[in-house]
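The values are calculated or read from the model by the stated rules, or taken from the named source; none is laboratory data. Just so you know, these numbers come straight off a predicted model, no measurement behind them. Here Cβ is always computed from backbone atoms with ideal geometry, including for glycine, and neighbour counts include all displayed protein chains.
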Amino acid sequence: MEEMIGCCGHKCNLCLAYRENITSKSDQRRLSEGWSKYFGLDISADEVYCYGCSIQIEGVKRINKVCEVRSCVLDKKLENCASCNQYPCTQISIKILEYKVLDEFSEQIPLEDYQDFIKPYQSKKVLEDLMNNSSCKAEKRMVSGIR
């Protein structure tokens, strides 16, 4: 599956709630339990199904139906927060999972759990990588005289 980055930097293509990644009810239960274990989220297995936040069709299922970050990005007609000149703002700072506690116990988190429950939501790293890559491209264009 092609990489799909949400408004806040979550990697939808890696998220087990993303519609193309769900193959059974047990997938939904496993993700619901993982989110509860690692983040204290109480989302029932039946609610674990998402089209991704970049889809702008009314009525499609999303995990967070009232995401302020999504609203902000869409209002500003941006692809994601990395394109915003106000990054990091209050909305994204609240949403970003920095995993300070998880980092302390990273050796205790099984690799499969890391891949399924942590990696898709490392927004700060994803957004900063996007910003660095776009800065590098802009610098190269300026150095070569291309605008």
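Some values worked out for this structure:
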{"item": "Matching residues in region 38-65 - criterion: being closer than 22 Å to Ile109 by Cα, of a type outside the set (A, V, I, L, M) and surrounded by 12 or more Cβ atoms within 10 Å (Cβ to Cβ)", "result": "Tyr38, Phe39"}
{"item": "Qualifying residue in region 106-126 (condition: at pLDDT below 80, within 25 Å of Tyr38 (Cα to Cα) and in a helix (DSSP H, G or I))", "result": "yes"}
{"item": "Hits in region 50-100 (condition: among the acidic types (Asp, Glu), at pLDDT 85 or above and over 20 Å from Asp129 (Cβ atoms))", "result": "Glu68, Asp75"}
{"item": "Hits in region 25-47 - residues which are within 19 Å of Val60 (Cα to Cα) and among the hydroxyl-bearing types (Ser, Thr, Tyr)", "result": "Ser44"}
